[in-house]
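S.K.: Have a look at the structure that comes next, please.
The values are calculated or read from the model by the stated rules, or taken from the named source; none is laboratory data. Remember, it's a predicted structure, so these values are computed and weren't measured experimentally. FYI the Cβ positions are ideal-geometry reconstructions off the backbone, even for glycines, and counts take in every protein chain you see.
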Amino acid sequence: MPTGAPEASKIMELDLNSTDRRIKDCFLAAAGGLSLGRAGWPLISEYFSDVSAIVAGDLKKAPGEDMDCEALESFVTKARATAGDARRHEAAEKAIERYIEFGEKLSREYGPQVRVQVLTIFDEDYPEALRHISNAPVVLFMAGARFDAKSENFAVVGTREPSNYSLALCEKITEGISGAGFVIASGMALGIDACAHATAIKCGGVTYAVVATGFDIVYPAANRKLYGDILLSGAVLSEQLPGEGAKNYSFVARNRIITGISKATLVSGAGFQSGALISAKYAFEQSREVFAITGDDYRPDLKGCHELIRKNYAKLALNSADILNDICPEKIKKSQIRQSETRAFKKDKKADATAPLEFGRAQAGVLSEDEKKVFDLIERLCVKNGAPPTLELIAENAGAVVSRILAAVSGLELKGAIIELDGKRYRINK
């Protein structure tokens with residue numbers, strides 16, 4: 001990956017003496033939340049030369065068609081309103097100060113490899129895929145060591161409260177996609193987002209976090225270490241001004257950027273009300289491929305995934321090979337997928353057809369605490385290792401006395417929650 005653009009240090013110098021009008025206009029455009037709206041990039045690039053021209057409302061030429069006039073009207077009106085708003089000017093000036101302070105802080109803590117940069121939609125360093133979506137932000141802020149505007153990105157999104165099953169499958173699929181050379185993009189939220197970022201980093205890959213706050217704010221605070229790892233292993237992106245806190249609308253808005261910079265999106269766990277469904281909607285509207293995992297019906301964190309698949313908004317993904325076969329079959333050889341991953345799921349699916357018992361929601365509620373822990377452990381180990389675990393492996397990972405594990409396994413079998421296979425191996429009864 002390229003380590004950065006030479007303009008980054010120049011931008012910092014221009015900020016420091018506060019004499020460059022273009023920099024002020026960039027922050028002013030961000031303060032006004034300017035996005036392309038219905039106008040679209042082809043029209044904006046035809047009528048404006050840069051961000052300063054947008055803020056001033058200076059068109060290269062008079063609109064030649066009524067359609068162009070209509071599309072440009074709301075965009076120009078909002079830009080001019082921003083330029084005349086004293087509060088926006090004040091917010092932009094404060095944000096410039098925060099930007100400079102943050103850049104200096106990163107330089108002290110991480111060295112010159114981690115940089116900050118203002119990206120406008122007219123710049124070569126602006127993400128190429130994002131430029132062509134509806135409502136693309138005019139300005140983005142970037143902090144990180146490894147950012148490439150032309151990188152191939154893959155979005156992984158999901159619930160903040162995933163089951164062990166969703167987490168394990170997210171890790172497994174993300175590992176394969178990252179291994180194929182894709183940059184993993186997500187929103188740095190707890191749960192699935194954090195799992196996707198951490199897996200990409202663990203695999204030595206690159207990951208981008210698109211945040212709903214200013215790029216200098218760690219939200220949630222629990223992800224502080226992850227935030228630092230992302231800065232070193234990729235980049236943090238935001239359309240919000242530096243110093244801007246979290247707002248409800250900004251979480252929804254950032255989802256269009258996550259999917260907009262990506263070739264495809266995986267929903268790895270989502271309830272009916274999950275924000276990940278909004279990401280899936282954006283991806284679908286942006287003509288990006290959407291994939292979703294599946295599992296047992298009683299799991300609340302898979303209800304949204306099943307709905308996406310049922311309504312043909314998303315394709316079923318059991319493993320990374322399913323996705324790579326669809327979006328870029330030539331990259332499968334580059335990934336670190338084990339063949340057993342695919343075989344294990346196919347074998348498991350075949351076994352379901354003759355399963356003697358069915359484990360439903362009612363039975364899930366009557367498990368003891370030990371049984372619940374062992375049930376989740378069996379499921380996690382099955383996904384992680386690509387095969388049903390042995391009794392010895394279950395006991396080894398359980399951290400409890402063997403007698404309690406044996407009792408829990410026996411109880412799960414009696415209740416139809418798990419099925420014993422050859423060689424004292426166990427799998428979940430779906």
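S.K.: How many of the residues in segment 307-326 are out of contact with any helix residue (DSSP H, G or I) (no Cβ under 6 Å at 6 or more places or on another chain) and farther than 20 Å from ASN255 by Cβ?
M.R.: Total meeting the criteria: 5.
S.K.: Next up: Output the number of residues of segment 198-216 satisfying the condition of being assigned to a loop (DSSP other than H, G, I, E, B) and either small (Gly, Ala, Ser) or at pLDDT 95 or above (or both). Even if it seems obvious, please write down each step before you answer.
M.R.: As a first pass, look at segment 198-216 and keep what is assigned to a loop (DSSP other than H, G, I, E, B): 203-206, 211-216.
Then drop every residue that is not either small (Gly, Ala, Ser) or at pLDDT 95 or above (or both), which leaves 204-206, 211-216.
Counting residues in segment 198-216 that are assigned to a loop (DSSP other than H, G, I, E, B) and either small (Gly, Ala, Ser) or at pLDDT 95 or above (or both) gives 9.
S.K.: Which is modelled with pLDDT under 85, in a loop (DSSP other than H, G, I, E, B) and surrounded by 15 or more Cβ atoms within 10 Å (Cβ to Cβ), of ALA62, ALA39, ALA8?
M.R.: Just a single option satisfies the conditions, and that option is ALA39.
S.K.: Taking segment 179-197 on its own, how many of its residues are in contact with a Phe, Trp or Tyr (Cβ under 7 Å, 6 or more places away or on another chain) and either more than 18 Å from ASP229 (Cα to Cα) or surrounded by fewer than 21 Cβ atoms within 10 Å (Cβ to Cβ) (or both)?
M.R.: 0
S.K.: Is it true that some residue in segment 338-349 is buried (at least 17 other Cβ atoms within 10 Å of the Cβ) and either of a type in the set (Phe, Trp, Tyr) or at pLDDT 85 or above (or both)?
M.R.: Yes, the conditions are met somewhere in segment 338-349.
S.K.: List pairs: first in segment 300-313 and within 12 Å of GLY158 (Cβ to Cβ), second surrounded by fewer than 17 Cβ atoms within 10 Å (Cβ to Cβ), Cβ under 6 Å, 6+ apart or cross-chain?
M.R.: That search, which allows pairs on different chains as well, returns GLY304/PHE272.
S.K.: Next question. Could we say that LYS24 is surrounded by fewer than 21 Cβ atoms within 10 Å (Cβ to Cβ), at pLDDT 90 or above, farther than 28 Å from ASP148 by Cβ and basic (Lys, Arg) here?
M.R.: Taking the combined requirement at face value, the residue does not satisfy it.
S.K.: So, in segment 212-231, how many residues would count as being farther than 17 Å from CYS195 by Cα and among the aliphatic types (A, V, I, L, M)?
M.R.: From segment 212-231, those farther than 17 Å from CYS195 by Cα are 212-217; that's our starting set.
With the extra rule that they be among the aliphatic types (A, V, I, L, M), the set shrinks to 212, 217.
Residues meeting the conditions: 2.
S.K.: Of the numbered conditions (1) aliphatic (A, V, I, L, M); (2) in the same structural domain as PHE284 (by TED's automatic domain parsing); (3) in a helix (DSSP H, G or I), LEU266 fails exactly one; give the number of that condition.
M.R.: Only one criterion is unmet by LEU266, namely (3).
S.K.: Turning to a different aspect of this structure: Please pick out the residue among GLY205, GLY228 that is in the same structural domain as GLU175 (by TED's automatic domain parsing), within 28 Å of GLU109 (Cα to Cα) and small (Gly, Ala, Ser).
M.R.: Details: GLY228 fails: in the same structural domain as GLU175 (by TED's automatic domain parsing).
GLY205 is the lone residue from the list that is in the same structural domain as GLU175 (by TED's automatic domain parsing), within 28 Å of GLU109 (Cα to Cα) and small (Gly, Ala, Ser).
S.K.: Name the single residue that is nearest to SER262 (Cα to Cα) among those in segment 307-330 being among the small types (Gly, Ala, Ser) and in contact with a strand residue (DSSP E or B) (Cβ under 7 Å, 6 or more places away or on another chain).
M.R.: Looking only at segment 307-330, we keep the residues that are among the small types (Gly, Ala, Ser), and these are 314, 317, 320-321.
Pick out the ones that are also in contact with a strand residue (DSSP E or B) (Cβ under 7 Å, 6 or more places away or on another chain) and you get 314, 317.
Details: ALA314: 15, ALA317: 17 Å.
Looking at residues that are among the small types (Gly, Ala, Ser) and in contact with a strand residue (DSSP E or B) (Cβ under 7 Å, 6 or more places away or on another chain), I get ALA314.
S.K.: When the residues of segment 247-265 are narrowed to those that are small (Gly, Ala, Ser) and in contact with a Pro (Cβ under 9 Å, 6 or more places away or on another chain), which ends up surrounded by the most Cβ atoms within 10 Å (Cβ to Cβ)?
M.R.: GLY260
S.K.: Within segment 216-229, does at least one residue satisfy the condition of being touching a residue at least 40 places away in the same chain (Cβ under 8 Å), touching a Gly at 6+ places or on another chain (Cβ under 8 Å) and charged (D, E, K, R)?
M.R.: Yes, there is a match, as at least one residue in segment 216-229 is touching a residue at least 40 places away in the same chain (Cβ under 8 Å), touching a Gly at 6+ places or on another chain (Cβ under 8 Å) and charged (D, E, K, R).
S.K.: Which of the residues spanning segment 279-298 are out of contact with any His (no Cβ under 9 Å at 6 or more places or on another chain) and buried (at least 16 other Cβ atoms within 10 Å of the Cβ)?
M.R.: SER279, ALA280, LYS281, TYR282, ALA283, PHE284, ARG288, GLU289, VAL290, PHE291, ILE293, ASP296
S.K.: Give me the residue from segment 120-132 that is aliphatic (A, V, I, L, M) and buried (at least 24 other Cβ atoms within 10 Å of the Cβ) and, out of that set, nearest to GLY234 (Cα to Cα). Steps first, answer last, please.
M.R.: The first filter runs over segment 120-132 and keeps only residues aliphatic (A, V, I, L, M), leaving 121, 129-130.
Still in the running and buried (at least 24 other Cβ atoms within 10 Å of the Cβ): 121, 130.
Working: ILE121: 20, LEU130: 17 Å.
Looking at residues that are aliphatic (A, V, I, L, M) and buried (at least 24 other Cβ atoms within 10 Å of the Cβ), I get LEU130.
S.K.: If you scan segment 42-55, which residues turn out to be free of Cβ contacts under 8 Å to residues at least 60 places away in the same chain and either assigned by TED's automatic domain parsing to the domain that holds ARG254 or surrounded by fewer than 15 Cβ atoms within 10 Å (Cβ to Cβ) (or both)?
M.R.: PRO42
S.K.: Find the residue count for segment 281-304, including only residues that are basic (Lys, Arg) and part of a helix (DSSP H, G or I).
M.R.: Filtering segment 281-304 down to residues basic (Lys, Arg) leaves 281, 288, 299, 303.
Checking which are part of a helix (DSSP H, G or I) leaves us with 281, 303.
The number of residues fulfilling the criteria is 2.
S.K.: OK, next. Quick check on THR213: is it polar (S, T, N, Q), buried (at least 24 other Cβ atoms within 10 Å of the Cβ), closer than 19 Å to ARG115 by Cα and free of Cβ contacts under 8 Å to residues at least 40 places away in the same chain?
M.R.: Considered against the rule, which asks whether it is polar (S, T, N, Q), buried (at least 24 other Cβ atoms within 10 Å of the Cβ), closer than 19 Å to ARG115 by Cα and free of Cβ contacts under 8 Å to residues at least 40 places away in the same chain, THR213 comes out as no.
S.K.: Would you please name the residue that is surrounded by the most Cβ atoms within 10 Å (Cβ to Cβ), looking only at residues in segment 142-178 that are among the acidic types (Asp, Glu) and closer than 24 Å to ALA222 by Cα?
M.R.: So the residue we want is GLU175.
S.K.: Return yes or no: is PRO112 under 21 Å from ASN135 (Cβ atoms) and assigned to a loop (DSSP other than H, G, I, E, B)?
M.R.: No; evaluated as a whole, the condition is false for this residue.
S.K.: For GLN363, work out the one condition from (1) closer than 30 Å to VAL183 by Cβ; (2) polar (S, T, N, Q); (3) surrounded by 13 or more Cβ atoms within 10 Å (Cβ to Cβ); (4) modelled with pLDDT under 80 it doesn't fulfil.
M.R.: So the condition that GLN363 fails would be (1).
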